[in-house]
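Heads up, the thing below is written out as structure tokens.
Derivation of every value follows stated rules applied to the coordinates shown; laboratory data play no part. Remember, predicted model here, so these are calculated numbers, not experimental data. So basically every Cβ, Gly included, is an ideal-geometry build from the backbone, and we count neighbours across all protein chains shown.
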Amino acid sequence: LSTMPALPLAKKYFDLYPEEREPVWGNPCDDPRHMKIWSQDKTCHQLPRFLVIGPQKTGTTALYSFLSMHPAIKSNFHSNETFEEIQFFNGKNYYKGIDWYMKFFPTPMDNSTDDVLFEKSATYFDGELVPKRAHALLSKAKIIAILIPPSKRAYSWYHHMRARNDSAALNYTFYQVLTASDKSPKPLRDLQYRCLSPGMYAQHLDRWLNYYPPQQIHLIDGEELKTNPTETMMKVQTFLKISPILDYRPLLRYDSKKGFYCKIDEKSKKSSCLGKSKGRRYPPVDLASEKYLQSFYTSHNIALQKLLKRHGYQVPEWLAEALSERP
Ligand code: A3P
């Protein structure tokens, strides 16, 4: 029996099995052999029990902040590198491994399983590899996504990028962004993609449903989250089977200045709303863009309605309406 030095051997191995070049982190706690060699001071309870996956601009920050009010729910620590969210399963961070990921979560006291840990990374929803990677590590985790009319989401993203001084968003109108062609400058095409692609809900959800059963995926109607968050939070808690059930009615209040529901500060009893970047004020979408989006999303919305029905989900009002208004 002969062997090669480690590096050439590894090279040979990955030449033979190129599909294995990409790591997929499994859960050490799912395999007794891995558990045996895992460090004593590590625990599977330091991994999230549920993920809020987005998509971006659907109300994920509001949901995150409402969830964090619950005494039994603990979020991840914030990351400076990635604008607060961990964004582990979608980008380069994945290669940093699960120790890196686990450091974002509080160490459970005395190995207690009482705290329900979660993280919210709003780009997980449409990340190509995310469902596969998330499932490999967190097969028992529950998944929460929020859906709003995809055209509203697209417009909100455009304004988000304008507020962040994105040159394409500043230099082009929304309609120009939507109708950019293959020959348009790359920053414009990139912006168009980020406006439109996450809203193709059915195709992204389908990927998640390839890995997680529908009972493990909860879909929030983002319009209800805006107008009736206490009801939304009741449904979320039922889905999470969390205890105690927190009654959000005395904790949230509609703030007419903000135009959204806000937390009521315990001491001052004043509204404590999300920052300026959430619930922005901008002019209504122009008619040409509205028409363009209506036609662009029709097939995606039909696919979404079919998918929801197939998997026993309720069809949100905004979706039923969008499809009934079709020319
Ligand atoms: P706009 O700023 O375009 O209105 P995310 O947190 O996923 O980035 O989503 C931001 C969106 O959350 C906001 O988009 C806003 O419409 C929506 N939202 C829902 N509930 C909210 C709340 N209670 N406070 C502020 N924004 C809320």
**Report entry** Any chance H204 is within 16 Å of the ligand (Cβ to nearest atom) and either free of Cβ contacts under 8 Å to residues at least 24 places away in the same chain or on the phi < 0 side of the Ramachandran plot (or both)
**Finding:** yes
Report summary line: With criteria (1) within 26 Å of L240 (Cβ to Cβ); (2) out of contact with any strand residue (DSSP E or B) (no Cβ under 6 Å at 6 or more places or on another chain); (3) assigned to a helix (DSSP H, G or I), Q56 comes up short on (3)
Report summary line: Of the residues in the range 181-193, those that are in a loop (DSSP other than H, G, I, E, B) and of a type outside the set (K, R) number 4
Report task. With the checklist (1) assigned to a loop (DSSP other than H, G, I, E, B); (2) of a type outside the set (A, V, I, L, M); (3) away from the ligand (no atom under 16 Å from the Cβ); (4) touching a strand residue (DSSP E or B) at 6+ places or on another chain (Cβ under 8 Å) in hand, flag the one item G279 doesn't pass. Result -> (3)
Requested in this report: Run down L293, L274, L287 and say which single residue is of a type outside the set (D, E, K, R), under 21 Å from T179 (Cα atoms) and either in contact with a strand residue (DSSP E or B) (Cβ under 8 Å, 6 or more places away or on another chain) or surrounded by fewer than 11 Cβ atoms within 10 Å (Cβ to Cβ) (or both).
Outcome: L287
**Report entry** Residue check for P48: within 16 Å of the ligand (Cβ to nearest atom) and in contact with a Phe, Trp or Tyr (Cβ under 6 Å, 6 or more places away or on another chain)
**Finding:** no
Query raised in the report: Given the structure, is S256 within 16 Å of the ligand (Cβ to nearest atom) and within 18 Å of A62 (Cβ to Cβ)?
Result: yes
Query raised in the report: Out of all the residues in the range 227-239, is one or more among the acidic types (D, E), within 15 Å of the ligand (Cβ to nearest atom), surrounded by 13 or more Cβ atoms within 10 Å (Cβ to Cβ) and within 23 Å of L304 (Cβ to Cβ)?
Result: yes
Query raised in the report: What are the residues in the range 116-167 that are free of Cβ contacts under 8 Å to residues at least 60 places away in the same chain and of a type in the set (D, E), if any?
Result: D166
Query raised in the report: Can you find a residue in the range 8-19 that is part of a helix (DSSP H, G or I) and closer than 24 Å to R280 by Cα?
Result: no
**Report entry** Candidate set: the range 64-81, residues that are surrounded by 13 or more Cβ atoms within 10 Å (Cβ to Cβ) and more than 17 Å from A122 (Cβ to Cβ); chosen: the one nearest to the ligand (Cβ to nearest atom)
**Finding:** M69
Report summary line: The condition from (1) β-branched (V, I, T); (2) out of contact with any Phe, Trp or Tyr (no Cβ under 6 Å at 6 or more places or on another chain); (3) over 26 Å from L225 (Cβ atoms); (4) not in a loop (DSSP other than H, G, I, E, B) that I98 misses is numbered (2)
Query raised in the report: Can you name every residue in the range 209-223 that is part of a helix (DSSP H, G or I) and either among the β-branched types (V, I, T) or within 10 Å of the ligand (Cβ to nearest atom) (or both)?
Result: G222, E223
Report task. Search the range 167-194 for residues being among the basic types (K, R) and closer than 19 Å to Y297 by Cβ, and hand back the single one that is surrounded by the most Cβ atoms within 10 Å (Cβ to Cβ). Result -> R194
Report summary line: Counting only residues that are touching a helix residue (DSSP H, G or I) at 6+ places or on another chain (Cβ under 8 Å), part of a helix (DSSP H, G or I) and within 21 Å of T107 (Cα to Cα), the range 20-44 contains a total of 5
Requested in this report: Scan the range 110-142 for residues that are of a type outside the set (S, T, N, Q) and within 16 Å of the ligand (Cβ to nearest atom) and jot them down.
Outcome: F118, E119, K120, A122, Y124, F125, D126, G127
Report task. For residues that are away from the ligand (no atom under 12 Å from the Cβ) and aliphatic (A, V, I, L, M), scanning just the range 240-253, find the one that is nearest to H70 (Cα to Cα). Result -> L246
**Report entry** Set T107, T43, T61: member being within 16 Å of the ligand (Cβ to nearest atom) and out of contact with any Phe, Trp or Tyr (no Cβ under 9 Å at 6 or more places or on another chain)
**Finding:** T61
Query raised in the report: Pick from the range 88-109 the residues that are closer than 22 Å to D126 by Cβ and not hydroxyl-bearing (S, T, Y): which of them is surrounded by the most Cβ atoms within 10 Å (Cβ to Cβ)?
Result: F88
